[in-house]
Amino acid sequence: MNVLPSPVTELAYLAAAVCFILALKGLSSPRSARRGNLLGAAGAAVAVVTVLLSTDFEGANLAVVLGSVGVGSAVAVPAARRVKMTEMPQLVAIFNGVGGGAAAIVGIMELAEFAGHDVKLVVAGTTAFAVFVGATSLLGSLLTFGKLQGTITSRPIVLPGAGVLLVAALGAGLGAAVAVTLTADVWFGVVLALLGLAFGALLVLPVGGADVPIVISLLNAFTGLAVAASGWAMGSTLLLVAGTLVGASGTILTLAMATAMGRSVNGILFGALKGGSTAGSTQVSDRPVRRAQAEDVAITLAYASRVVVVPGYGLAVAQAQHVVAELVTALRARGVDAVYGIHPVAGRMPGHMNVLLAEANVPYEQLIEADDINAAMPSTDVVVVVGANDVVNPAARTDTSAPIYGMPIINADQAGQTIFLKRSMRPGFAGIENELLFADRTQVLFGDAKESLTNIVSALKDV
């Protein structure tokens, strides 16, 4: 086609890159996240159209490209519309894997194009990097999807000699990458991709429990770096810029999430190989707890001065965000200072609760971050924990053997009373018991969170 002159093409690529940068800026806050998504989509659309209008395609190649875009759109649009909020991290994992796999495939295709040509070492080297890291991200992301989806156990899977196998896969991968760099041979590239798949599996399988979302973020960074390397090899500035942005933002997010959990990335990835674990028991406790009824909870909340609602993954599972927003609105109408305490890793990904509550049109000023909410916790009358467990578990402060030890939590145990809304006594995603459930000032209201909240709102009207 090639209907765009070179200066126009470069300006269009620059506009797309600016859209990507502004999109990341927008995604840094719930207030501007929607705008950021739209800007990112606009940048991608500009990039795709520019490529189509500035490239000399042969007829068959153009048909393949347009057909691929059509098939991808036919799959992606319904999937994006139907995905549940609880499954959003799984969707992100799949996106990561697809991006990494695409980078690896492009790298192998580039090696096939290099046959019979003199290739600069730096170009062959970046191609090898894209193939190995892209393949690592592909299988690693598929395994994280399986762990979150429940198709494979979320507990650490440590193979016999896993540490040795991991080092061996990495060493063999480096050797194959050197071979690709020196020869630009496509068959070495295929071997390199297989080693990348093996390394991805060995890297992710030992990770379990609450650490899986952090690994998804890390693999997102891997995908970005693989795409950037592909852009370098292909001479595509746009891919280089976009991949670098994804790699940098994924790295920053990974470190921020690890900090929020009070853990190191090294400990998350290799803790199980050293005999530790990122998941505890799945055994259901039979210890007695103080049971509550919806009417009792309504009376307690109605006569409180300050109430903090701590949402978690269970809120998303029950799709109870609209009912909890109705409860908080009703309490505020009665003069109760009711707000939400948001832990940075509540749910299955950063911002999960912010997005969920935004669906219910909860004002942003009512969403208080963990550090700020903790400062007011001693003067809080009641904390209502809805579907959360690990983010309020005092074991993070007191139990050095707990997998969440060192993770900053919301200090619900410092409030006057704590009310847990739980479906059962099953532990949280980290798989450990929460002693707060058995405290004298704690009551547990069992049942589906949406139904329980509806009953509380109804009973509140009679108080």
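Numbers for the structure displayed
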quantity	calculated
Residue match in segment 233-250 (condition: under 16 Å from Ile94 (Cα atoms), hydrophobic (A, V, I, L, M, F, W, C) and buried (at least 24 other Cβ atoms within 10 Å of the Cβ))	no
Residues (of a type in the set (Phe, Trp, Tyr) and in the same structural domain as Val122 (by TED's automatic domain parsing)) located in segment 54-112	Phe95
Among (1) of a type outside the set (Asp, Glu); (2) loosely packed, with under 12 Cβ neighbours inside 10 Å; (3) within 30 Å of Gln321 (Cβ to Cβ) - the single one Gly72 does not satisfy	(3)
Residue in segment 433-448 that is hydroxyl-bearing (Ser, Thr, Tyr) and closer than 25 Å to Ile404 by Cα present	yes
Selected residue (only one of Gly116, Gly100 is at negative phi and of a type outside the set (Lys, Arg))	Gly100
Inter-residue pairs, beta-carbon under 6 Å, first on the phi < 0 side of the Ramachandran plot and in segment 383-400, second of a type in the set (S, T, N, Q), 6+ apart	Val383/Thr418; Asn389/Asn434; Asn393/Asn434
Selection from segment 442-454 of residues that are closer than 12 Å to Ala292 by Cα and either charged (D, E, K, R) or in a helix (DSSP H, G or I) (or both)	Ser452
Candidates Thr254, Thr244, Thr278, Thr259 - the one that is more than 15 Å from Phe145 (Cα to Cα) and at pLDDT 90 or above	Thr244
Test: Gly40 is at pLDDT 85 or above and under 24 Å from Arg348 (Cα atoms)	yes
Residue count for segment 77-101, restricted to those that are surrounded by 19 or more Cβ atoms within 10 Å (Cβ to Cβ) and either outside any helix (DSSP H, G or I) or not aliphatic (A, V, I, L, M) (or both)	8
Exclusive hit being without any contact (Cβ under 8 Å) to a residue 40 or more places away in the chain, aliphatic (A, V, I, L, M) and over 27 Å from Thr254 (Cα atoms), set Val339, Val297	Val339
Positions within segment 187-196 being among the aliphatic types (A, V, I, L, M) and surrounded by 20 or more Cβ atoms within 10 Å (Cβ to Cβ), in sequence order	Leu192, Ala193, Leu195
One residue from Gly134, Gly125 being closer than 14 Å to Ala229 by Cα, in contact (Cβ under 8 Å) with a residue 60 or more places away in the chain and not in a loop (DSSP other than H, G, I, E, B)	Gly134
Among the residues listed as Leu148, Leu195, the single one being part of a helix (DSSP H, G or I) and modelled with pLDDT of 95 or more	Leu195
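The values are calculated or read from the model by the stated rules, or taken from the named source; none is laboratory data. If you're wondering where the values come from, they're calculated on a predicted model, not measured in any experiment. A quick note on method: Cβ atoms are made from the backbone with ideal geometry, for glycine too, and the neighbour counts reach across all protein chains shown.
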